[in-house]
Amino acid sequence: MLENWVVAPTCLPLVLRRCHTCTSERFRPNGKFRVNANHKLLDAWLLALCTTCGDTAKLTLLERVNVRSVRPELLDRMHDNDPDLAAELLQDPVMRRRNRIALDWGNAWRLDTGGSDHLDCEVIDVSVRFAARIPVRPVRLIAEGCGLSRAEVERLITEGKLVSAVRLSGKLSGDFTFLLKR
């Protein structure tokens, strides 16, 4: 029986970066942009608020870029504070490296299994698809989706009853499949 599971974001992840005002290292992006034009040059930032003191951090997106080199639809989305654009830009590794930030996906995702009718089957073939690049441990996903403990999932892996083409230890952020034999 083939099952399709989806790991989907529920909100924007926290941004890990040191606050200049307090000792906190977590910022919550609110999906707001700030765009500033100086003659023909454009600057754009994604705004994030410190979770402790509320101070605003600006994550640089565009810096001294000629206005004509920016796609008009991108500029419109920034002016409209498009939350989907904020999510896309937070996924961009170049933007994260440029701003020296990391993302904390702790409570910002959910697993959609399509119901619990697969739990009583002898053999389950599952395809896991990621709607965004969310790093999650496959053992955690399997435990949550099948209603098992993580220790039980680890035991099934060592016994050879849980197999996959990818390594199930560590974190994954890309699609994978696994087969569970009970």
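Remark: spin-label model distance Thr10-Leu111 equals 1.4 nm, labels positioned 7 Å along the Cα→Cβ axis.
Given the stretch 66-150, what whole percent of its Cα pairs are spread farther than 14 Å?
Result: 75 percent of Cα pairs exceed 14 Å.
Taking label positions 7 Å along the Cα-Cβ direction at both Ala131 and His20, the computed distance is 3.5 nm, reported to one decimal.
What the Cβ-Cβ distance of Ala102 and Asn36 gives, at R0 = 22 Å and to the nearest 0.05, is a FRET efficiency of 0.25.
Across the stretch 59-71, computed HN-Hα scalar couplings (Karplus, 6.51 cos²θ - 1.76 cosθ + 1.60, θ = phi - 60°) run 8, 5, 10, 10, 9, 6, 9, 5, 4, 5, 8, 9, 4 Hz from first to last residue, x flagging Gly and Pro. Backbone geometry of the stretch 151-162 corresponds, through the Karplus equation with coefficients 6.51, -1.76 and 1.60 at θ = phi - 60°, to 3J(HN,Hα) couplings of 5, 5, 5, 4, 5, 4, 5, 5, 7, x, 8, 10 Hz, x marking Gly and Pro. Rounded, prolate or oblate: which fits the stretch 1-105 when a ≥ b ≥ c are the square roots of the eigenvalues of the alpha-carbon gyration tensor, with rounded for a/c under 1.5 and prolate only if a/b beats b/c? Cα axes put the stretch 1-105 in the oblate bin.
A 1.4 Å probe run over the protein chains yields, for the chain, 58 Å² of accessible area per residue, whole-number rounding. Distant-in-sequence amide contacts of Arg129, defined by a placed amide H-H separation under 5 Å and a gap of 5 or more residues or a different chain, comprise Trp5, Val6, Val7.
Note on the stretch 45-109: with charges restricted to the Cβ of Lys and Arg (+1) and Asp and Glu (-1), its dipole about the Cα centre is near 420 debye.
The values are calculated or read from the model by the stated rules, or taken from the named source; none is laboratory data. For clarity, every value in this text was computed on a predicted model and none was experimentally measured. A quick note on method: Cβ atoms are made from the backbone with ideal geometry, for glycine too, and the neighbour counts reach across all protein chains shown. When the accessible area is computed, the model is the full protein with side chains, heavy atoms only, and any ligands, DNA or RNA have been set aside. Shrake-Rupley method; radii C 1.70, N 1.55, O 1.52, S 1.80 Å.
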